[in-house]
1. Could you work out the relative contact order of the chain, using alpha carbon pairs under 8 angstrom and six or more residues apart, expressed as a whole percent?
2. Starting from the amide H of Val279, placed 1.01 Å from N in the peptide plane, find each other amide H under 5 Å away whose residue is 5 or more places distant or on another chain.
3. Show me the GluC sites (Glu not before Pro) within region 376-460 that DSSP assigns to loop and that have at most 16 other Cβ atoms within 10 Å of their Cβ.
4. Using θ = phi - 60° and the Karplus curve 6.51 cos²θ - 1.76 cosθ + 1.60, what whole-Hz ³J(HN,Hα) does each residue of region 42-54 get, with Gly and Pro shown as x?
5. Hey, of [x] 72, 60, 55; [y] 87, 58, 40; [z] 77, 46, 45, which did the structure itself give for Cα extents along the principal axes in Å when calculated?
6. Sorted by mean Cβ packing within 10 Å, highest first, what order do the peptides 108-114, 363-369 take?
7. Starting at the first residue of region 238-248, write each ³J(HN,Hα) from the Karplus equation 6.51 cos²θ - 1.76 cosθ + 1.60 with θ = phi - 60°, in whole Hz, x for Gly and Pro.
8. Antiparallel versus total DSSP beta bridges in the chain: what percent is that, nearest 5?
Amino acid sequence: ADVAYLRSVLPSTTEDAFFDYLATLDASEVTVSAVPEGSVVFARVPFLQVKGPLLVVQLLETMLLCLVSYASLVATNAARFRLLAGPDVKLMEMGLRRAQGPDGALSASKYSYIGGFDCTSNILAGKLYGIPVRGTIAHSFIMAFTSLEEVQPRELPPQAGGEPVDLPALAESWLGRVCEVLQTPPEKANRGELAAFVSYAVTFPCDFQGLLDTYCVRRSGLPNFCAVALALNQLGYRAIGVRLDSGDLAQQSKEIRRALRACGAHFQVPWFETIPIAVSNDISEQSLEEFSQEGSEIDMIGVGTNLVTCPLQPSLGCVYKLVEVNGSPCLKLTEDEEKMTIPGTKTIYRLYDADGHPFMDLMALEEEPSPVAGQELEIHVLGQLGESSKVMPTTVEPLHRTYFRDGQVCEPLPSLPEVRSHAQASLSQLSPAHRRLREPQPYPVAVTEKLHHLFTKLQEANQ
């Protein structure tokens, strides 16, 4: 069917032999080596190398770029959010409604998890990939209630067993006491919001959380949540969190923490003051920087649009270039040195210093011997190719592994959690100067003396 379709769209002068070839296309002659998934890769360093018959490897170009470009972009974007948030704050991916279609949303969920996010609101991603799923109560759910009379069912048995209790009545009895502690008028607490919280709590007594800003955080959302959470506590249950979705999130988080501490101390419920506070609402890198500068009591951050659409860099710009044909290295020439290809089949090495930080990636021709730790190397840094310099690595790591050969996957493929762990380990190995997001120290990528000589020779031959 594929060949028939191609016949219908290609010019009628296309030779039959071409279609006969496509019908017998075989990938067994293709070899693919790559940097392990989850590795940090720098500009100009080939992270995938494909060898095989020219026509076959050309047919793979678009597919491979499609598979790796967006995936790498989202994982990188997620890693930036993780670095800004720090290790202790939980990050939830919630971009399903803003992603470029269902496939883009699934990719975003998967690769943001690799980049360091803890969970996703995308249930299908949880089912397919085993990513932890999390979510919270919705504004529309809260707005659907108007009074406590609408709550059905109403009764909840104590966790330790016993006679069921009318939870709406119990929560309402707590509301007045909470409002007295928080110094807010009970009549300002929206009864529809209270009913929504109670209805949710009856259904999920071990997983109750409140969305506080449907009406007014201070006068309604917060006292209603505390009333329901204290009613649950009386029956032996613990609320698991609150969420804010508008306003000055950092400032509100501090006010909410003070209120939770006040209720916890007054009603002698110690765990109350540590209830996790989650925030959402168009969170960006700038938002995380502001949270850090202002100080906050935020425990979890939900990121959607600015994670999955990657607005700071909407595309990664991966390229797939021919570097050797029939054993002869080839070179794409341009006036812009950054866009020149590096000729020849190469082996890539990462060089480490005595502190265990990578300080340079080195490209060598495949036939060259591997660099040796503790021995001096003469290299040429890209961007400064006219000058040679010498380095002495403490450790040398080959970056590429062969994953596909003779039509078979030949390297065990890691699980998603293993890729995620590897990504975080790769990032943690970088020196702080290279890892920082604002004005990082450029990470040098270099070529060996032999590869530099080949590069120069091909340049001169084409001038």
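1. Numbers: 771 pairs, mean separation 82.8, N = 463.
Relative contact order here is 18 percent.
2. Residues meeting the criterion, in which the H sits 1.01 Å from N, are Leu244, Met300, Ile301, Gly302.
3. Glu376, Glu387
4. The phi angles translate into 9, 4, 6, 8, x, 9, 8, 10, 10, 10, x, x, 4 Hz.
5. Computed from these coordinates, Cα extents along the principal axes in Å corresponds to label [y].
6. Details: 108-114: 28.0, 363-369: 15.0.
Top to bottom by mean Cβ count within 10 Å: 108-114, 363-369.
7. 10, 5, 10, x, 10, 9, 10, 9, 6, x, 7
8. Taking every DSSP beta bridge within the chain, about 60 percent pair in antiparallel fashion.
The values are calculated or read from the model by the stated rules, or taken from the named source; none is laboratory data. Remember, predicted model here, so these are calculated numbers, not experimental data. Cβ: placed from backbone, ideal geometry, glycine included. Neighbour counts: every protein chain shown. Heads up: the accessible areas ignore ligands, DNA and RNA and are worked out on the full protein's heavy atoms, side chains in. Shrake-Rupley method; radii C 1.70, N 1.55, O 1.52, S 1.80 Å.
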